[in-house]
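The values are calculated or read from the model by the stated rules, or taken from the named source; none is laboratory data. Remember, it's a predicted structure, so these values are computed and weren't measured experimentally. Methodologically, a virtual Cβ is constructed for each residue, glycine included, from the backbone with ideal geometry; neighbour enumeration extends over all protein chains shown.
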Amino acid sequence: MSKRPQSGVDIDLGNQCSRTAYAWAKKSFSNRPAGEGNPMLNVEGSFSNIMDFHGVKIGMSSDGIGTKIEVAERTGIYDTLGYDLIAMTADDLAANGMETVNMTNILDVDHLDHAIVDTLMRGLHDAAKFAKVVITGGEIAELGDRIGGYGPKMHFNWCAAGISILPEGQTPIDGADIRPGDAVIALKSRGFRSNGYSLLRRIMEDAFGDAWHLEPYGDTTWGKVLLTPSLIYSPLVSAIRRQKFALKGISHITGGGLGDNFARVLKVAGFGAALTDIYEPLPVMLDVQRIGKVPEARAYRLWNMGNGMLLAVNADEAPAIVRFAAEQGFAAKICGSVIPEAEIRIDTKANDPQALTYKVEG
C-alpha cells in the first residue's frame, strides 16, 4: 500500500490555481469604467479587492471555513464556527486597511436540521457583534448527497462574502510604503484558526483512530482543542488606524504560513524581513507537530504557529502600537524588522534556521 501524502492539500498547486483564477478575473476589470466599480487597488496575491464608486472606496472578499467543519460535526459544538467564518473574510479585508461593515453567507447542507442551523447563526451573530459587522443576507441550499461529512447529523459547507469601506481620510494599505528598518509586529493567535485542517485530521486519525476527537488532551479533548475559534483581528486594525498610527503593510496568516503570506505584502516594495522574535507555537501546535512527525519547515508553511497577523509599521511607533493592542485585549509584540534583501528569514529557535528562509518574488 502506498504511503499517503503528508497533507491532503498541495500548497504549491493551490497557489498556481489561485494565480490562474486571478488572471482570468483580472480580464474582467475593464467591464466597468474607472470610478464605477473597476478595481482601484488590486495587489496580485491579495485576498481582497478595493473598488472606487464615484469616490467611495468599497472592498470585497469571500472565504469559507473549510474542513474545520468536520471537527464541529464530531464534537457537536457549532456555536464557534461563526468566528472562523468572519475572521477568514474580515481579516483578509483588514489586510488592505478596509473596515468590514456587512457580510452575507451561504450554507450548503445535505439536509436541514433546525437546531444546528439556529446554533450556527447564533454563533455568527456573536462573532459579528465582536467584529462590528452586520449580517445582511444569506442562503441555505439543500444539496442532498452532494454534501458529506462525519456522523448522522446535518452536514454542511459554509462560506461568506464581506463588504468593507475605507473610512474617510484613510488610504488603502498595499505594502508599497514599506521600507528597510520598519518594525514588524506579530499578533498572537489562539489556535490553528481555520487552516491546515486536512493535515490535522489526518494526523489525529493516524494517531488515535476514527474517534480521535474523543481522545483526552489535558483537561479537554482533541476535538475541542482543535475547534478553538479564530480570534478576529479586524476590529483591532480599524482601531489602530483611527489612532492615526501608520500601518504600512498587513499580512493575515492563513494557509501558506508566515513565509507565503508575508511575502505577498513585501513583494510590492521589493524588500524582505528578518523575523527574530515571533510568538512561539502554542503547546497544542508543538504536540501535533510531534505526533505527526511534521518537519519544522512544513509546519510553518501550513499553520500560523502562534502568529495570526503581521503588521509592518514605523519603528518609532511600534512600541506604542503594541501597548495600544494590549489595551484592546490583543497580545502583540515586536517580532522583527524589514530588511533590504528580498527574503524572509524566520528564527524559530530551531536547529536548522536555513529551512525557514523564503524568497520574496515580485
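Structural remarks
- Residue in segment 76-132 that is farthest from A239 (Cα to Cα), counting only those that are hydroxyl-bearing (S, T, Y) and assigned to a helix (DSSP H, G or I): T119
- Residue that is over 23 Å from L258 (Cβ atoms), in contact (Cβ under 8 Å) with a residue 12 or more places away in the chain and either touching a Phe, Trp or Tyr at 6+ places or on another chain (Cβ under 9 Å) or not aliphatic (A, V, I, L, M) (or both), where the choices are A131, A186, A160, A141: A131
- Under the condition of being among the small types (G, A, S), part of a loop (DSSP other than H, G, I, E, B) and either surrounded by 14 or more Cβ atoms within 10 Å (Cβ to Cβ) or in contact with a Leu (Cβ under 8 Å, 6 or more places away or on another chain) (or both), the residues counted in segment 136-154 number 1.
- Helices (runs of 4 or more DSSP H) lying entirely in segment 219-285 (those with 1 or more residues that are without any contact (Cβ under 8 Å) to a residue 60 or more places away in the chain and of a type outside the set (D, E, K, R)): 222-226, 257-266
- Filter result for R264 (modelled with pLDDT of 95 or more and touching a Ser or Thr at 6+ places or on another chain (Cβ under 9 Å)): no
- Residue identified as modelled with pLDDT under 75 and in a loop (DSSP other than H, G, I, E, B) among S30, S46: S46
- Candidates D219, D210, D182, D174: the one that is modelled with pLDDT under 95 and either surrounded by 13 or more Cβ atoms within 10 Å (Cβ to Cβ) or in the same structural domain as R298 (by TED's automatic domain parsing) (or both) is D174.
- Candidates are the residues of segment 296-351 that are assigned to a loop (DSSP other than H, G, I, E, B) and modelled with pLDDT under 95; the one that is surrounded by the most Cβ atoms within 10 Å (Cβ to Cβ) is T348.
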